[in-house]
Structure formats: structure tokens, C-alpha cells
Amino acid sequence: MQKAAADSLVGLGNPVSDTFFASRMGQLGPFEEKPHVAVAVSGGADSLALSLLAFNWVNNKGGKLTALTVDHGLRESVENEIEFLRRLFKDKGIDHYVLSWREREVKGGIQSAARKARYNLLEACCKRLGIFHLLLAHQRDDQAETMLMRLLRGCHPLGLSGINAIRETYNVRLLRPLLTVPKIDLVATLCKHRINWCEDPYNSDFRFTRTRVRHALKFNSCASQRIADSAPFFQNANRTLDSKATFALIRAVSLFPEGFANLSKKEISSIPPNVLRRILLRVIMTVGGQNRYPQSDALKRLASNLTQGKFKGTTLGGCLFLNKIENFIACREYRNLPSRLKLVENKQLYWDGRFDVRTGLNIPSGSYLAALGTEGWEEISQGSTNKLKYVPRQARETLPAVFDKYGVREVPQLNFHRENREAKINFDTKYTVFITYRPRVTLSGKSFGLV
């Protein structure tokens, strides 16, 4: 990054006032009487302006602000940028934490992987610090870019709602109070207070789609504003459709703690096509464990095929759909499941966007977590009186299982614990792994919960 001088841009844009920011925060509540709020800060103009506005807001309420910076380890200049932020926040008395990401084996695009890692690190830190609210600096230009990119990609209409001002996860509320504010006003805010910021060279790298879209919108501010301003219209339309889908879903879909769902053929046959597509979208996001919407055309084909009576099975969004006598079954597709993960004692992790995993004490050396698979099921089912064989084979194979040097040790979702069966090996009975089905997105359309 290169520092941008605030003095050189004085007079451009309109600084965001504390009164305006307070009104935006009021729409994102409720908050505690003395709120403790975290803000994600990269050193760019947007996040630094948000930090300044949030700092004034929490001070007026007698609260506290904590700044979080993610170091992706992708650029050599990052140490200078972090030092710049440390000095800035130290002068203001703001606690500042640097979260490091050092993943070297990235599947897919580097920007997508870095974004996913960033949110995971930020959420984990908020949970560790007991912070319930995380502020993110997405602004109006970001909203327009996101909506245009999704439109060009043929995204599902839900994606055209753009970036939501509030998104609740299991551990934190993600809040974006600046979605109606253009970037130039945030720059003006920093200029007013003579605060410099950093420019990320990746923002000028035309290898990335967002950079090209940003460049196209840069010279047409009216188009950018109109695109961003249309987001509330799509959000209202989606809320109406969500309400209809929720009522229909109660009758049509049954979700099981083993991670699969039954869809009643009788019920879905009478559901309007647009409502059925929304129900299928929820099922896919819940059962498939993915964090991206499937394309709209693919979802339409699936809904049409399910109601035509000749459906034989298909996959979409990491989800496998099967045709049974009275129901369709949706379960996780076996492809692209996480690779084996070494287990250590007293840790918590999230597996495949579906299961919360917590390890106990005395984990034997060499223990690891992986999908049960066909061979694993054959191993634990031989001579077993397991009562959960109603779980479809395809769903069983995608369940998380604990393995050790002797084979399958535990599959909690199938109520299997090897020490409960007759064996010649003396196992440590203190060895425990707790696995709970907790999908990233629930069938209700929400992803928020208390644990």
C-alpha cells in the first residue's frame, strides 16, 4: 500500500457527520447501554473513516471500540501498514489486534480464499473477546459493484439484494452502516480530520473482476448511485418471497440432524414456482454447506424437474438430490468434502459449513477428522444393531467421523462410539469429540444462534 495524503484532497465530497452516523447506527440496533463494538480496519480510506466515526459514536455512549486488522501475508509492505495503524490507534487509545492468515494451499481464486479467511478470523476474534457487534466498511460504491458483478454472473435474484446492512452469524452481528455513503464522502471525512490512509495496489489490478467493474463505474457516478439505490427494492421483494417460502417450507420439508432433508412430493406439487425455487435455495444452502448462491437458471431447472414426475437425480450447490417413492431427498454431495484434519485436544472448529466440532482431552496421537465414506460405513455397520440406518447411504458417507490408527473411532451423528462395542483393544474412555449439526445457513433463512 501507498499512503494517500489527506491534505491533497480537501474540498472533495461531503464529510460524514457524527449525527448522520448515529442515525445509521440507530437503524442497526439494538445495542447494549455501553456497547463494545469491533471494527475491521485494513488501513484504507473506507475502514479508517468508519473507525473514526465509530470511535466518536461509542465515546458518546460510554462504550468501547476495538480495531481488528487481518494480515493476509500476501504483500511485503504489510508490516509498514500495520505499524501505521498501530500508531494511529495507540494515539486514540483504541485496542488494536492483528490477525494473521498464513494459508499457502489455496483452492480457487486468491481473493475469494482471502475473503473467507478474513471473515473467519474476524468472527473468531470477536467471539474470543466477547464482542457481539462487528462493523464493516462497505459503502455505496461497493454496493453498486457487488450488484453489477452478481448480475453479470447470472446470480440468483436473492443476490441482487446486494450487501445487507445486517447479517447475523452464530457468534457476531455483522453491521454495515455506510452502505448509503459514497466513497468520496468517506475520503472527505478523513481529509477534514487530516488523517492519511493507505491505497491497496490490488484495487488497481485489472486481473480481478471487481477492479474492472469499479473502473467501469468510476466515470458514471449516476449509474453507480442508481444501481446501489435499487438494493432496498430487491430486499423488500425478497422479504415478501421469504415469508411465503417459510409457510410453505413448514409443510414441505423435514430436516434431520444427520444433515439431510426430505421434500414431500405431494406438498411441493402445489407450491408456486417462485416460492418453490426459494425453498430449494434454502435447502441447498443448509444441506450443501456452501456460502454462495447457485445460479438462477440452474435453480429454475431443478424446480421444474422436481415437479415434472421424471426426475432421476442431480447435484447443485454441493447438494445431491435423490428421487424416492414419496419424497425427494437432499443431502451433501460427496465431492469436494474437506480433506482429513488432524485433531488436537480442547479445540473448536467448523467442518464443511455444517458441523460444529469440539474436542475433549486425551486425544490419541494420529487422530483425525474426515468424512465417513463408504469404507467407513461398512466398517462400523458390520454386526452392529445401529438404529440409524434410516439415514440414506449418500448422507451417511458425508458425515464427519473420527478416525485413529485402528479405523473409525466415533461417528456421533450415527450414535457410534467404538469403545461401546466389544473389542480386544483397550481404548481410553476419556477420549471424546462432540459434533453438532449447525449449518451455516438454516432453513429459516437465518444464520444466527447462541451457543
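Computed from the coordinates by the stated procedures, all read-outs in this text should not be read as laboratory data. Computed from a prediction, not measured in an experiment: that's the story for all the values here. Here the Cβ is made from the backbone with ideal geometry for all residues, glycine too, and neighbour counts use every protein chain on show.
Here is how the numbers come out for the structure above:
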read-out: Virtual spin-label span in nm between Thr315 and Tyr334, 7 Å along Cα→Cβ; value: 1.0
read-out: Nearest-0.05 FRET efficiency for Gln382 and Arg301, computed from C-beta distance (R0 45 Å); value: 0.65
read-out: Point-to-point label distance, Trp101-Tyr350, nm (Cα→Cβ direction, 7 Å offset); value: 1.3
read-out: Using alpha-carbon coordinates, inclination of helix 183-192 to the longest axis of the chain, degrees; value: 50
read-out: Under 20 Å from the Cα of Lys244 - aspartates and glutamates, other chains or at least 8 residues apart; value: Glu267
read-out: Pairs from Lys116/Lys192; Lys127/Lys218; Lys266/Lys312; Lys61/Lys192 whose Cα-Cα separation, in the structure shown, is over 26 Å; value: Lys116/Lys192; Lys127/Lys218
read-out: Stokes-Einstein D (µm²/s) once Rh is taken as the Kirkwood radius of the chain over alpha-carbon pairs, at 4 °C in 1.567 mPa s; value: 53
read-out: Positive minus negative residues near Arg86 (Lys, Arg vs Asp, Glu; Cβ under 14 Å); value: -3
read-out: Selection of trypsin sites (Lys or Arg not before Pro), the stretch 311-419, meeting DSSP coil and at most 12 other Cβ within 10 Å; value: Lys312, Lys324, Arg335, Arg340, Lys347, Lys387, Lys405
read-out: Between 0 and 90°, nearest 10: helix 296-306 axis offset from the chain longest Cα axis; value: 20
read-out: Nearest-ten-degree value, helix 273-288 long axis tilted from longest Cα axis of the chain; value: 80
read-out: Built amide H within the under 5 Å cut-off of Phe355, gap 5+; value: Arg438
